[in-house]
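Asker: Quick one: the structure is below, and I'll ask about it shortly.
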Amino acid sequence: MSNTIDNQAYLNMDLLRFTTAGSVDDGKSTLIGRLLYDSKSIFEDQMEALEKSSKQKGQDDVDLSLLTDGLKAEREQGITIDVAYRYFATPKRKFIIADTPGHIQYTRNMVTGASTANLAIILIDARHGVIEQTMRHSFIASLLQIKHIVVCVNKMDLVDYSQEAFEKIKEEYKKFSSRLDVPDIRFIPISALKGDNVVDKSEKMDWYEGSTLLYTLENVKIGNDLNFMDARFPVQYVIRPQIDEFRDFRGYAGRVEGGVFKAGDEVTILPSGFSSKIKTVELNGEAIEEAYPPMSVTMTLEDDIDVSRGDMIVKPNNQPESIQDVDIKICWLSNSPLKVGGKYALKHTTKDVRSSVKEILYKVDINTLHKIEDDKEVKLNDIARIRVRTNAPLFADSYSKNRQTGSVILIDEHTHETVAAGMIM
Amino acid sequence: MNSYYLSHLKQLEAEAIHIIRETVAQVDKPVLLFSGGKDSIVMAHLARKAFYPARIPFPLLHVDTGHNFPEAIEFRDNMVKEINANLIVGLVQDSIDKGTAIEEKGPNPSRNRLQSVTLMEAFDEYKWDAAFGGARRDEEKARAKERIFSHRDEFGTWDPKNQRPELWSLYNGKKDTDDHFRVFPISNWTEMDVWQYIKLEGIELPSIYFSHEREVVLRDNVLLAKNDFITLSEDEAYEKRIIRYRTLGDMTCTGAVASDASTLDDIIQEVASARVTERGGRADDKRSEAAMEERKKEGYF
């Protein structure tokens, strides 16, 4: 970031959310530290604190990884406990990093980080090449329908910046990545420690003609990752002012999760099936010409019909499926295993229902993506395909069609813990 | 770029409004923690937008240490009147008088930590089950790891190792009767985002965010305003400086910055070139590397 700012440019800036995954010691924290440092997002007092901590730990160089390890326990043990969010901006984009640790509870944390990401950075240690965790991280990114993966082959300085080493890893990765459902995969040789190809182009690797990591992050096209085709408006809350001036006002508050809505559009309300026309689309009393994802707006309808939280406003000729037997791929997030026949609260868009697990179809080996049919005990960090029955219909799309209307969470009815992340098949 | 493009600030606004509405829809009695600082002013603005034309469907709680800048209190009272909101003031002094909170000793006693006591007492009295806060993850390392819907037990304790996973934008609002949530709708905003949004939306702020002349004393590299709650040592003296504030906290611990930024545009340029984080001037955070984490575990927001 330069020291002055162009306001207009800032207001037009785009937003990219990405997740970083790697295994222990492959330099993920250093890479994030490097991105923040080289984009001048680290402040003097943070730098001073880093220098102090590094000295205390007897390290000569400033340890950039200390910047991302937030909690006392982590600093003491030199580990990362949980998903941490980091922010930086360049004149082109604002970035939100979901930084997920590579070791304990890796699947749970990575699924969490990946659920909101547009892009995933997968780190590979140039000395070790593709390992089991590389595949696992890539499969999770694919499972969560992240459309862009950037494979960073890190620690190139430790393999003499060798093109051969880089190409070999690229080939290894491509061998298994054909099984992934990710349309855009790129490879960049970097050294997070020395800064090669992170923000500045490396002088040591003139054989590499691609762009740096930061340039890639700034320019990757994400405009088509949202669904602008299938109109979906889950009602979050009904606004009834109860004040004289707006005595008859009934506004439906919500976020557009798909498609485009505007005043005059014919709409259908689910589950009642009633039809009406949109009278206004507004926010704070100001009319909005077209509402599309991910805008939060308030809608009013021409007709006085009963609409409440959990209902969905859609277009008559394009309706989601109404289902009670739901086929979902889940990641199990709890220490207590999934119970067949067990009842769980299920949250889908703004709708809360109860569900009962009917069947575990199979588990997925997250290292190979192969189905496991003989072991059906679903434990922490397991990926499985299951069938649940809900006590009320869900207005759902498949996760591949719409991440928001295709995702659910399961909640333990006694502990209230979130126990599973689910994607509708 | 397609025609259905939403700038990052508009995306952050939409996300915050979504979170505020999700909270109100899922819990019985929410409250907005209102410090009078710019982040909580932005929060009140977002809450207003989320429910317009209805009034904000929850009260604003100000935990008043009694060490506030008078300008901030005046601004608070005017704003509350203007947006027709319901303000509840919890006085730290009351907790001290009751003996539930004990005043720190020393040359600049901070009541910052005592706020947690008064806050929890207000929770017991009003039975709130969710409290909105204007905290941002870019402010501090412990905050970078906290959920948007942060579950707290009956003591208000934050258990960083046992947080609920937060997926997509599905916020789990289920809890036991005595538990509550701290909800942080502007988690993903940075200091620059907040300032840009204030300018974009034309949001009014207390005057002390803008440069003005004030008597200050330099203590531990922090410029403290002249006030009745700190005691000067023999080699300290107040001097007049042109300053402004980047954050609003207690007069006893909030540091001023030397600045002649008198408009929002000036401030935005200053933030862009700043080399110290905004909490860098907070004496309360300087106490130890894990200061914020420790306070949060005690129920601090």
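Asker: Any residue at all in region A:192-213 that's within 26 Å of the chain's Cα centre (by Cα) and of a type in the set (K, R)?
Answerer: No: region A:192-213 contains no residue that is within 26 Å of the chain's Cα centre (by Cα) and of a type in the set (K, R).
Asker: Name the single residue that is nearest to B:L33 (Cα to Cα) among those in region B:180-200 being facing another protein chain (nearest Cβ under 10 Å) and not in a helix (DSSP H, G or I).
Answerer: Top of the filtered list is B:S187.
Asker: Next question, about the same structure. Taking into account only those residues within region A:231-247 that are of a type in the set (D, E, K, R) and within 15 Å of B:R55 (Cα to Cα), which is surrounded by the most Cβ atoms within 10 Å (Cβ to Cβ)?
Answerer: Filtering region A:231-247 for residues that are of a type in the set (D, E, K, R) and within 15 Å of B:R55 (Cα to Cα), the one surrounded by the most Cβ atoms within 10 Å (Cβ to Cβ) comes out as A:R240.
Asker: Could you say whether any residue in region B:134-145 is farther than 22 Å from B:G255 by Cα and at pLDDT below 95?
Answerer: yes
Asker: Please go through region B:34-55 and give me each residue that is in a loop (DSSP other than H, G, I, E, B), within 14 Å of another protein chain (Cβ to nearest Cβ) and either of a type in the set (S, T, Y) or buried (at least 24 other Cβ atoms within 10 Å of the Cβ) (or both), ordered by number.
Answerer: Within region B:34-55, just B:Y52 meets the criteria.
Asker: Where in region B:63-174 are there strands (runs of 3 or more DSSP E), lying fully within it, with 2 or more residues that are within 14 Å of chain A (Cβ to nearest Cβ)?
Answerer: Hits in region B:63-174: B:149-152.
Asker: A further question on this structure: Scan (1) closer than 21 Å to B:R246 by Cβ; (2) within 14 Å of another protein chain (Cβ to nearest Cβ) for the single condition B:F58 breaks and write down its number.
Answerer: (1)
Asker: I'd like to know if region B:6-28 contains one or more residues that are assigned to a loop (DSSP other than H, G, I, E, B) and more than 9 Å from every other protein chain (Cβ to nearest Cβ).
Answerer: yes
Asker: Check A:A126 against each of (1) modelled with pLDDT of 70 or more; (2) facing another protein chain (nearest Cβ under 10 Å); (3) surrounded by 24 or more Cβ atoms within 10 Å (Cβ to Cβ) and name the one condition it does not meet.
Answerer: (2)
Asker: Return only the number of the condition from (1) surrounded by 14 or more Cβ atoms within 10 Å (Cβ to Cβ); (2) farther than 24 Å from B:I17 by Cα; (3) among the small types (G, A, S) that B:G99 does not satisfy.
Answerer: (1)
Asker: If you take the residues in region B:30-49 that are among the basic types (K, R) and at pLDDT 95 or above, which one is nearest to B:T118 (Cα to Cα)?
Answerer: Among those that are among the basic types (K, R) and at pLDDT 95 or above, it is B:R48.
Asker: Right, another one. Could you say which residue among A:V357, A:V378 is crowded, with 20+ Cβ neighbours inside 10 Å, part of a strand (DSSP E or B) and outside the structural domain of A:F139 (by TED's automatic domain parsing)?
Answerer: Result: A:V357 is the single residue among A:V357, A:V378 that is crowded, with 20+ Cβ neighbours inside 10 Å, part of a strand (DSSP E or B) and outside the structural domain of A:F139 (by TED's automatic domain parsing).
Asker: I'm told B:I268 meets every condition in (1) surrounded by 18 or more Cβ atoms within 10 Å (Cβ to Cβ); (2) touching a strand residue (DSSP E or B) at 6+ places or on another chain (Cβ under 7 Å); (3) not assigned by TED's automatic domain parsing to the domain that holds B:E22 except one. Can you identify the failing condition by its number?
Answerer: (2)
Asker: Okay, moving on. Looking at (1) surrounded by fewer than 18 Cβ atoms within 10 Å (Cβ to Cβ); (2) under 22 Å from B:K161 (Cα atoms), find the lone condition where B:E104 falls short.
Answerer: (2)
The values are calculated or read from the model by the stated rules, or taken from the named source; none is laboratory data. What you see is a predicted model, and the numbers here were worked out from it, not measured in a lab. Glycine gets a Cβ as well: all are built from the backbone with ideal geometry, and neighbour counts include every protein chain shown.
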